[in-house]
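Undergrad: Before I ask anything, here is the structure I am working with.
The values are calculated or read from the model by the stated rules, or taken from the named source; none is laboratory data. Everything numeric here is computed off the predicted structure, so don't read it as measured data. Neighbour counts run over all protein chains shown; Cβ positions are idealised from the backbone, glycine included.
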Amino acid sequence: MKVVVIGGTGLIGSTLVGELAEHGHEAVAAAPSTGVNTVTGEGLDPVLEGAAVVVDVSNAPSFADDAAMDFFRTATTNLLESSAKAGVEHYVALSVVGTDRLQESGYFRAKAAQETLIRESGLPYSLVHATQFFEFIAAIADFSTVDGTVRLPSARFQPMAAADVAAGVGRTAVEAPVNGIREIGGPEQSGLDALVRRALAAKGDPREVVTDEQAPYFGIRVSERTLLPGTDARLGAIRFDEWLARQ
């Protein structure tokens, strides 16, 4: 089965392409570096010819509100049109657990707009909502640092390794379309503040992590369960301590 992975040279995409190929699929990495540009439409029709599944794990090059919205609207519209012409049987997109609860952020409003375009396209689809990646915990700390101190709430979250994200997306891609949302998450919950504290300690980072329930998460106020998946989420296998030991 031919599966085209948009964003197939990135963190999730490259792992996903390898896993699909190992399972006997014709996995094609599509990205600007391979001559495929979803914003301009360059290379889309040729790469999608004969594809049964399209998986979009690409991300906006900027998290600024307007730039993210422009990217997701333009890229998704072009990709959906080319997918329809190619007769794609399953359109899969990676999104974020809690997107509908994080609409104070322009980036998440852009992700919601992307999901709406997919739902309304008429193509069979699956939206994979993943929790935060272990690989981005350092970025959480950096974004939340004020005067050398990291300030974060104790809200629960359930992050996962990028390898488990790729596995979850790949599993969904080769199954029948759900025409809805499939949630995936990590195998264990933690407080946002506590996990960042553990991550910094493991790296020998001297920054203090202060628990502040009013502190935002990437500029957004979150409640106890904003970042958690539902009880029917598919869970990855890699625990945080195991992931840390591999770094």
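Undergrad: Scanning for something under 29 Å from GLN158 (Cα atoms) and out of contact with any Ser or Thr (no Cβ under 8 Å at 6 or more places or on another chain), does the stretch 34-52 turn up at least one residue? Give the steps one after another, and end with the answer.
TA: Step one: filter the stretch 34-52 for residues under 29 Å from GLN158 (Cα atoms), giving none.
Taking every residue of the stretch 34-52 in turn, none turns out to be under 29 Å from GLN158 (Cα atoms) and out of contact with any Ser or Thr (no Cβ under 8 Å at 6 or more places or on another chain).
Undergrad: Please go through (1) over 26 Å from ALA167 (Cα atoms); (2) small (Gly, Ala, Ser); (3) at pLDDT 95 or above for ALA64 and return the number of the only condition it doesn't satisfy.
TA: (3)
Residue-wise test of (1) touching a residue at least 12 places away in the same chain (Cβ under 8 Å); (2) under 20 Å from THR99 (Cα atoms); (3) surrounded by 15 or more Cβ atoms within 10 Å (Cβ to Cβ).
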{"position": "VAL196", "(1), (2), (3)": "yes, no, yes"}
{"position": "LEU200", "(1), (2), (3)": "yes, no, yes"}
{"position": "GLY204", "(1), (2), (3)": "no, no, no"}
{"position": "VAL209", "(1), (2), (3)": "yes, no, yes"}
{"position": "SER223", "(1), (2), (3)": "yes, yes, no"}
{"position": "LEU227", "(1), (2), (3)": "yes, yes, yes"}
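Undergrad: Tell me which strands (runs of 3 or more DSSP E) are completely within the stretch 1-107 and hold 1 or more residues being more than 30 Å from LEU228 (Cα to Cα), or say none if there are none. Before you say what the answer is, go through the steps one by one.
TA: Working: elements: 2-6, 26-30, 53-56, 90-96.
Where strands (runs of 3 or more DSSP E) fall fully within the stretch 1-107 and carry at least 1 residues being more than 30 Å from LEU228 (Cα to Cα), they are 2-6, 26-30.
Undergrad: Here is a further query. So which of THR149, THR131 ends up being of a type in the set (Val, Ile, Thr), over 15 Å from the mean Cα position of the chain (by Cα) and modelled with pLDDT of 95 or more?
TA: Working: THR131 fails: over 15 Å from the mean Cα position of the chain (by Cα).
Answer to the check: THR149.
Undergrad: Looking only at residues that are touching a residue at least 12 places away in the same chain (Cβ under 8 Å) and of a type in the set (S, T, N, Q) in the stretch 86-127, which one is surrounded by the most Cβ atoms within 10 Å (Cβ to Cβ)?
TA: Quick first cut of the stretch 86-127, residues touching a residue at least 12 places away in the same chain (Cβ under 8 Å) only: 86, 88-102, 104-115, 117-118, 121-127.
Then keep just the ones that are of a type in the set (S, T, N, Q); that gives 95, 99, 105, 114, 121, 126.
Numbers: SER95: 20, THR99: 20, SER105: 18, GLN114: 25, SER121: 17, SER126: 22.
This residue is GLN114.
Undergrad: Considering only the stretch 39-62, state which residues are surrounded by fewer than 24 Cβ atoms within 10 Å (Cβ to Cβ) and among the polar types (S, T, N, Q).
TA: Residues satisfying the conditions are THR40, ASN59, SER62.
Undergrad: To continue, here is another question. Which pairs do you get when a residue that is surrounded by fewer than 22 Cβ atoms within 10 Å (Cβ to Cβ), found in the stretch 10-27, comes within reach of a residue that is assigned to a loop (DSSP other than H, G, I, E, B), reach meaning Cβ atoms under 7 angstrom, with the pair 6+ apart or on two chains?
TA: Pairs that qualify, where the first residue is surrounded by fewer than 22 Cβ atoms within 10 Å (Cβ to Cβ) and the partner is assigned to a loop (DSSP other than H, G, I, E, B), are GLY10/VAL57; SER14/GLY8; HIS25/MET1; GLU26/MET1.
Undergrad: Quickly run through the stretch 137-148 and pick out the residues that are closer than 14 Å to PRO216 by Cα and touching a residue at least 60 places away in the same chain (Cβ under 8 Å).
TA: ILE140, ALA141, PHE143, SER144, THR145
Undergrad: Is it the case that the stretch 75-84 has a residue that's at pLDDT below 95, of a type outside the set (A, V, I, L, M) and touching a Gly at 6+ places or on another chain (Cβ under 9 Å)? Even if it seems obvious, please write down each step before you answer.
TA: Quick first cut of the stretch 75-84, residues at pLDDT below 95 only: none.
Checked against the condition, which is being at pLDDT below 95, of a type outside the set (A, V, I, L, M) and touching a Gly at 6+ places or on another chain (Cβ under 9 Å), the stretch 75-84 yields no hits at all.
Undergrad: Could you say which residue among LEU80, LEU123, LEU94, LEU102 is among the aliphatic types (A, V, I, L, M) and more than 22 Å from GLY168 (Cβ to Cβ)?
TA: Working: LEU123 fails: more than 22 Å from GLY168 (Cβ to Cβ); LEU94 fails: more than 22 Å from GLY168 (Cβ to Cβ); LEU102 fails: more than 22 Å from GLY168 (Cβ to Cβ).
The match here is LEU80.
Undergrad: Are any residues in the stretch 152-193 of a type in the set (D, E, K, R) and either within 17 Å of the chain's Cα centre (by Cα) or surrounded by fewer than 16 Cβ atoms within 10 Å (Cβ to Cβ) (or both), and if so, which ones?
TA: Kept after step one, since they are of a type in the set (D, E, K, R), are these residues of the stretch 152-193: 156, 164, 171, 175, 182-183, 188, 193.
Within the stretch 152-193, ASP164, ARG171, GLU175, ARG182, GLU183, GLU188 meet the criteria.
Undergrad: Suppose we filter VAL222, VAL209 for residues that are outside any helix (DSSP H, G or I) and touching a Leu at 6+ places or on another chain (Cβ under 7 Å); which single one remains? Spell out how you get there, then give the answer.
TA: On the way: VAL222 fails: touching a Leu at 6+ places or on another chain (Cβ under 7 Å).
Answer to the selection: VAL209.
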